[in-house]
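Undergrad: Quick one: this structure, given as structure tokens, is what I'll be asking you about.
The values are calculated or read from the model by the stated rules, or taken from the named source; none is laboratory data. Bear in mind the structure is a predicted one, so any value in this text is a computation, not a measurement. In this analysis, Cβ positions are derived from the backbone assuming ideal geometry, glycine residues included, and neighbour counts consider all displayed protein chains. Note: areas computed on protein heavy atoms with side chains; ligands, DNA, RNA excluded. Shrake-Rupley method; radii C 1.70, N 1.55, O 1.52, S 1.80 Å.
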Amino acid sequence: MAATIIAPPKIRQTNLLIGGKWTESRSGKRFATVNPVNEQVLAEVAQGDVADVDAAVKAARAAFDSGPWSRMDARDRGRLMNKLADLMEANLEELAGLETLDNGKPLRDARAADLPLAIDCLRYYAGWADKLTGDTIPIRGNYFCYTRREPVGVAGQIIPWNFPILMAAWKWGPALAAGCTIVMKPAEQTPLTCLRMAELAQEAGFPDGVINVVTGYGDTGAAIVRHPGVDKIAFTGHYETAQKIMVDASATLKRLTFELGGKSPNVVFADADLDAAVAGAEFGLFFNQGQCCCAGSRLFVEQSIHKQFVEKVVARAKTRQIGDPFDLNTTQGPQVDADQFHKIMSYIDKGKSEGAHCLTGGSRIGNKGFFIEPTVFDNVSDDMSIARDEIFGPVMSILPFKNVDEIIDRANNTYYGLAAAVWTKDVQKAHRFAASVRAGTVWVNCYDVFDAAAPFGGFKMSGMGRELGAAGLANYTELKTVTMSLG
């Protein structure tokens, strides 16, 4: 197949956005964002610290407390959000290219999934901006009682590197619709699309201080969490970081929402459409280089079809095209950085040493860049590291099971609870599994189906609260009760 390689876009912005001004960090420090394809530095980005966070929070606080944002009509907020979505659509090729450049994901995926979903999310929440209503409540006595939904205030938002622009949209959408102002820290591995998106927000006409972006490392995020001027923290990432955020946020009792990791069970019954289940299993694990919090990384296959299924899924894994993500034929790019690469390779080694059978893959590709072969393990048991820990890479673990009672218990045998899937033609079996599995999202005969209207989040250690839908919007509001005497 002939290569069709697209040229990467120009990097426009590498500074901090604070109070409507693009600025160097107070310290003057910068850090490198690295191309995961060749390990070369793409750009030096401003490294924000406590002083920069303080300035950003003060700007967000002013915009919320006394600036035009707090006085703006809700429909006008919605119009600005729609204008930002229009600008993102007009610059889709550039934004998709930046996402690919910084993250390493195939350009075809950034074009077809990340950008359309991000744009749709902003448009969905733009429609909500003037629809945040309260209730009138009949109470005893001669009183008029009603409730108001009011914005929580300044939202500190910390996003991961696996879907940078989509995670920014998931956070900005409900916050802006509710009337909050924002201080965002994108992941240090992938800051470029968030910075460009913030430029487009300025072009759309958002008032100064409504959206602030402070790039940096973990200490930058910690400064946002600890700042007394921040009312809420929304974080997507690892549960260990969320635990630290809970401790730091306790001093000011900040509102918290977490979308964390998973070890999602993907269950295939013998009566499933086998080819559809194989395709769904491959997509559910290998999409985005396996770097998905909801990846179907525990693939349970009913024993009677186990051998046939394994043969098919291994054959499919071998067809994946690994290479330059700007080649439109590529279906798998590099992992995001060296740390992630070495973590994944260490788990592949653990799988082999603990007795799992590596049927395909398991090795690095080339000696430059962070490319890993699509890897499939069989003969995996529930107690192995590759079956219990979140790997966040292109490593599939296949586990056989005998019946529905057994699989419900085994699916729930994890401290995670983000997502699950079941493949079957038996409606009763599908509904029983969906009702019994402890997960925030259950897909039936499909995988990774997302929509801005459908809430997403986890049970147990996979998170608190929800992203998307009306539930995601509620996280950015406070409920106020007003009671008035009528006589």
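Undergrad: How long are the semi-axes of the equivalent ellipsoid of segment 1-49, taking √(5λ) for every eigenvalue λ of the Cα gyration tensor, in whole Å from largest down?
TA: After diagonalising the Cα gyration tensor, the semi-axes are 30, 14, 6 Å.
Undergrad: Helix 274-286 versus the longest principal axis of the chain: what angle, 0 to 90°, nearest 10, using Cα atoms?
TA: That works out to roughly 60 degrees.
Undergrad: Just list whichever of K263/K460; K105/K263; K58/K185; K58/K83; K10/K171 have alpha carbons separated by over 23 Å in the model shown.
TA: Result: K58/K83; K10/K171 exceed 23 Å.
Undergrad: While we're on this one: Can you compute the FRET efficiency between E150 and Q243 using 1/(1 + (r/R0)^6), with r the Cβ-Cβ distance and R0 = 25 Å? Round to the nearest 0.05.
TA: Efficiency computed from Cβ-Cβ geometry: 0.25.
Undergrad: Further question on the same structure: Please work out how much length the chain gains when fully extended from S346 to R320, using 0.36 nm per residue of separation minus the C-alpha to C-alpha distance, in nm with one decimal.
TA: 7.2 nm
Undergrad: Further, regarding this structure: Express the carbon and sulfur contribution to the solvent-accessible surface of the chain as a percent, rounded to the nearest whole number, probe 1.4 angstrom.
TA: Carbon-and-sulfur percentage of accessible area, whole number: 51.
Undergrad: Right, something else. Between segment 78-143 and segment 398-454, what is the separation of their alpha carbon centroids in Å?
TA: The two parts, judged by their Cα centres, are 28 Å apart.
Undergrad: Normalise the Debye intensity by I(0) for segment 210-314, one equal point scatterer per Cα, no solvent, then take log10 at q = 0.13, 0.17, 0.21 Å⁻¹ and round to two decimals.
TA: Normalising to I(0) and taking log10 leaves -0.64, -0.79, -1.03.
Undergrad: Along the Cα→Cβ direction, 7 angstrom out, place labels at K402 and Y217. What is the inter-label distance in nm?
TA: Here the modelled spin labels are 5.2 nm apart.
Undergrad: Compute the angle between helix 427-436 and the longest alpha-carbon principal axis of the chain, please, reported from 0 to 90 degrees and rounded to the nearest 10.
TA: Helix 427-436 sits at roughly 60 degrees to that axis.
Undergrad: Taking a probe of 1.4 angstrom, what is the accessible area of S346 in Å², to the nearest 10?
TA: 50 Å²
Undergrad: Determine the distance separating the Cα centre of segment 29-63 from the Cα centre of segment 273-341; give it in Å without decimals.
TA: Distance between centres, Cα-based: 33 Å.
Undergrad: Let me ask another. Arrange the residues W22, W443 by how much accessible surface each exposes, largest first, with a 1.4 angstrom probe.
TA: W22, W443
Undergrad: Report the normalised scattering of the chain as log10 I(q)/I(0) at q = 0.05, 0.07, 0.12 Å⁻¹, calculated by the Debye formula with identical scatterers on the alpha carbons.
TA: -0.19, -0.38, -1.06
Undergrad: On to the next question. Looking at segment 295-436, how many pairs of lysines come closer than 25 Å at the Cα, when each pair is eight or more places apart or spans two chains?
TA: 22
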